[in-house]
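Engineer: The following block contains the structure, expressed as structure tokens.
Every number here is computed from the coordinates shown, using simple stated rules; none is lab data. Note that this is a predicted model, so its numbers are computed, not measured. Neighbour counts run over all protein chains shown; Cβ positions are idealised from the backbone, glycine included.
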Amino acid sequence: MPQENMRLDKYLKVSRIIKRRTVANEVCDAGHISVGGKTVKASYDVKTGDVLEIRFGEKISRYRVLNVTEYATKQTASEMYEEIK
């Protein structure tokens with residue numbers, strides 16, 4: 001049964017957008033992630049339909065959350081989000 005929401009730092013790790021949870025946490029704490037134009041912390045509850053905007057230096061990546069699941073394999077992780085150009 002899919003989960004309804006999950007902490008942002010954990011979601012980033014499980015979906016493999018960011019490889020390590022500690023790094024995901026640091027990126028959140030540095031204020032580099034926003035949802036709907038608002039900067040969010042690592043404890044933010046990610047929900048299906050959210051659009052995450054992540055700044056890596058000058059590069060901004062946007063991801064739409066398609067589903068939130070507790071575990072994902074390397075093959076299914078990319079099904080958790082879609083990258084928005």
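Engineer: Using a 10 angstrom cutoff on alpha carbons, build the Gaussian network for the chain and name the most mobile of G31, G57, G49.
Structural biologist: Among G31, G57, G49, the largest mean-square fluctuation in the Gaussian network model of the chain belongs to G57.
Engineer: Report the FRET efficiency, 1/(1 + (r/R0)^6), for T39 and E79, where r is their Cβ-Cβ distance and R0 is 35 Å, rounded to 0.05.
Structural biologist: Efficiency at R0 = 35 Å is approximately 0.85.
Engineer: So, one more: Which GluC sites (Glu not before Pro) in the stretch 45-85 sit in a loop by DSSP (not H, G, I, E or B) and have at most 14 other Cβ atoms within 10 Å of their own Cβ? Could the numbers behind the result be given before it?
Structural biologist: Values: sites: E53, E58, E70, E79, E82, E83; in loops: E58, E70.
Those that pass, being in a loop and sparsely packed, are E58, E70.
Engineer: Charges at C-beta only: +1 for Lys and Arg, -1 for Asp and Glu. How large is the resulting dipole of the chain about its Cα centre, in Debye rounded to 20?
Structural biologist: The calculated dipole for the chain is roughly 220 debye.
Engineer: Ratio of the chain's C-alpha Rg to 2.2 N^0.38 Å, to two decimals?
Structural biologist: Its radius of gyration relative to the 2.2 N^0.38 Å reference: 0.97.
Engineer: Defining a contact as two alpha carbons under 8 Å apart and six or more residues distant in sequence, what relative contact order in percent does the chain show?
Structural biologist: Relative contact order here is 30 percent.
Engineer: A follow-up question, please. Sort Y71, Y11, Y81 so that the residue with the fewest other Cβ atoms within 10 Å of its own Cβ comes first and the one with the most comes last.
Structural biologist: Exposure proxy ranking, most exposed first: Y71, Y81, Y11.
Engineer: Mind listing which chymotrypsin sites (Phe, Trp or Tyr not before Pro) in the stretch 30-67 are in a DSSP loop and have 10 or fewer other Cβ atoms within 10 Å? Mind dumping the intermediate values first?
Structural biologist: Working: sites: Y44, F56, Y63; in loops: Y44.
Sites meeting the loop and neighbour criteria: none at all.
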